[in-house]
Every structure is written in structure tokens, then in C-alpha cells.
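Coordinate-derived values only; no laboratory data. As the structure is a computational prediction, the values presented were derived from the model and not from experiment. Backbone-built Cβ (ideal geometry, glycine too); neighbour counts: all protein chains shown.
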């Protein structure tokens, strides 16, 4: 991070501590910063050396709250601004959709406006602006109780994933659960720094490379602002505020990079083409899905396989239950192994996600054309165990990019056929996997040196949640079995 970025982050963040006494959460604070920062930068763009026409109506612009206005008059004007910008089209509408003023004390709102007004934001380098906002988002994610931790994927993990996926100029990249936009930012950096892009390629990278979805309005606002500050996108938002699982959007991508939200169960059951059971009130039918389930993670896995172009490649973060759950889980794994080249699984350690206690993995697979010889596309699944005897925390021992150097080396992105087994990297054949109970991909071989060591046990609430998840998984499998028996 540059010298300037942490100074501004600290200044803005210290003021949050004052507002917390009034009940303004970290998340609400970052939302208010987003609302005000966009107004300030839009105002700066109307002045030299930019001299651009204002994209915001004058009576709702930065000048309408930054000069000669205070008290209740300021609070009322700010509310009017949010209400009117929320109904605008394009990027404006996305950033201000459902925006509300959560700072009820007009004097403190005025102080925040002064803090933002003291900086010339458009004069800051694009990287610095981006770093400042990313720094605020990360601090928001660190607030486990009220922050957006589940929407913030560790950036060093994303960097390693992008390094092995190796996006190329002209390729399209989608994320159906884009959160605050981490995958897009790292892919953008990779393309900008590893290729000498011509004018057309730069325009494509800025406007046509990325497309994302997220169901949470507040998170979509953060993502849209994050990309805007990094110079990604145009007046039309490339992020949609929508439930990605609701339908096949028709878009097809060269690359899917995604970390769907944690939490297994959904209140909506998505029915596959074969799911003939009587539909519940909250249900969606997807003829492109292989299995009917209320497991969100399995549904995202089925969704992303649809979004890929032929020969497209995917990296998706999945929790352990996706690797071993029976019923719909077994069906999805079988079909995926048969119809796609499922070539790599990275087992992640705990302690790297802001949503605590998560046992997750990154599954890498490529989409292939339909085969007529009846053979599966997956020949070998290579598993890298980055979990056993690896211990990270969010404070003292954080995950660094160099911690994943060995995985990136073993992945051998340049030519995967040159892979070699190591202590942490093993290959498992399709024939061997398909014979495993429930076609489980939950495979480990290293001895856990902390086994039996009480100091290395998870916290009681995490252990309790794991037990609850396993019971819930077993109940889901029983329900699906009963339904299938009833259909026969």
C-alpha cells in the first residue's frame, strides 16, 4: 500500500469510532463514505483540468451539502439527494439504490463531509484511490459481528487463483457472487501488468471484460464503487443487483472466478429438469441443473457450469460439504467429473476467512464439448493439501501470497501434463474416485500433527456449527431419498 493510502484510511476510519457511539456500524459507515465520496469526485470532475459536464443534477450535487448548510437543513438535503439519485439509471442508480442516511446527528454528518472535502480525490493516483477503498472494505470485513466478512475473500488467495488461471486479453470474466469485487480487481491487475495492451484491448478490459451479480443491495453498492475507483466499468454498471441463481442469464464466459456466500441452506429450493416433486411455494425451476436441492453451494456449482463457454475455465470456492454430501451432492459430483475436466482441488486452511471456522476449498475445472464415446472428461484430479498442519489467523499469522507459492508452482499452469506428485500434491484417477463412497472428493493423506492437541481445537461455537451442518446435511440426504422413493 502506498504511503498516502494508509494515512487517509486511518483518518477516515478513526472518525468511525466517534460515530459508533451513536450506533453507526462499520458497514453503515462505509456505505455513507461511498455515498459522499462519489458526490465529491463527480464534483471534482467538473473542474479543471477535467472540465467534464456534471453527471449529477446541480440541486443534488456536492456543492448542495458542502457549502453554507448545516443542522437539520443539511440532514434534509442529504436525504433528498439519496432519494433522487436512487431512481437514476446506470451506475448512479446502482450506487444509490435504497441508500439511506444512517448518521442521525447533523453535526457529525457535517464533520464527515468536511473530512472528505479536505482531500482532492481525483488528483490521487488510481491505485491509491483503489487502495484507500480496499483498505476500508477490509476493515469493514474485520468487524466480524457487523461487517461484510462473508463478502470479502482474502486478496492474497485471490491473487494466487488468478496467477494459475492466467486470464488473457479479450477474455470475459464472470462472478455470480461478486461481493466487493475482489476477483475482478486482481484479474484486472494481472491483465494490466502482464500484457502490453493496445487501445482496443484497454477499452475491452475497462468496459467488456467483467460482469458480476450479487443479491445484497449494500454489497453491490460497495462493489460498484470499488470498481469505479479502480477505473473499471463505465456509466453503465457491470454489476447487477440480482439473485444469480434465479435464472440462466444467457451470458457465457471464458472464465468464472467466484466465492459464493457461506451458509449451506437456502429458503428457496431450485428444481432440476428431473426434479418432478410437487413444487413448494418458494421454488425456482432450472432445466439446466442436474439435481434438485436447497443447498446454495451445490446450486452455485451447477449455475457456474452453465455460465462457462466451451473450453472455459472456472475456479470456485466451495465448503467441505460440497465434496462429500450425498443425494444431490453425489449427483452433481458425478456429472461434473463426467462432463467437465475437474483437474485441481486446493484444500484451504481455516483462519483465513473473515467468516470464522469455514472449511473451504477451491475447485478448478474446464468445460468441454459433449463426448460421443461415453468416456468421462476428467482423467485425474490433483489435490493440493494446504490445510493439514497449516495454521493461520486474521491478526498475527495472516495468509500471505508467498504462502501459496508452492501451490502455484505445483499447479503448473503453463503445462499441466508436466505435474509431479509431492508431499502435499497428489493425483487421483477418475476410476478410483468414482468408486469412493458417494463419489466423495474429501480426500486427505497427510498426518495431522495437531490431532489430540487441545490448543489447536476450533472454538466451541465453531465445533457446534460443524456438528449442526453435518446433521443438516444428513437430514437433507434423507429427505431427498424419501422423495426419490416416492417418485418410483
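Tabulated data
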| read-out | value |
| --- | --- |
| Length added when fully stretched, residue 193-residue 89, from 0.36 nm per residue minus Cα-Cα | 34.2 nm |
| Sorted peptide list for 126-135, 295-304, 368-377, criterion being average Cβ within 10 angstrom, highest first | 295-304, 126-135, 368-377 |
| Relative counts (whole %) of C-alpha pair distances in the stretch 284-354, using bins that are 10 Å wide | 17, 54, 26, 4 |
| Rounded Å value of the spacing that divides the Cα centres of the stretch 233-265 and the stretch 285-313 | 12 Å |
| Taking all pairs of distinct alpha-carbon atoms in the stretch 100-141, Kirkwood radius in angstrom | 12.0 Å |
| Residue 142/residue 368 FRET efficiency (R0 45 Å; Cβ-Cβ; nearest 0.05) | 0.65 |
| Volume of the Cα convex hull of the stretch 291-441, divided per residue and given in Å³ | 130 Å³ |
| Global size of the stretch 4-127 as Cα Rg and Dmax, reported in angstrom | 14.1, 40 |
| FRET efficiency, 1/(1 + (r/R0)^6) with R0 45 Å, evaluated for residue 413 and residue 17 via beta carbons | 0.55 |
| Pairwise centroid distance, computed over Cα atoms, of the stretch 1-57 with the stretch 173-194, Å | 23 Å |
| Computed over the stretch 4-127: relative contact order in percent, which uses C-alpha pairs under 8 Å that are six or more apart | 27 percent |
| Protection proxy ranking of 165-177, 58-70 - average other beta-carbon atoms within 10 Å, highest first | 165-177, 58-70 |
| Paramagnetic label zone (point 7 Å from Cα along Cα-to-C-beta, residue 200; backbone N under 16 Å) in the stretch 161-177 | 169-172 |
| Point-to-point label distance, residue 310-residue 248, nm (Cα→Cβ direction, 7 Å offset) | 1.5 nm |
| Distance (nanometres) between label positions extended 7 Å along Cα→Cβ at residue 10 and residue 391 | 3.1 nm |
| Separation between Cα centres of the stretch 124-142 and the stretch 327-374, rounded to whole Å | 31 Å |
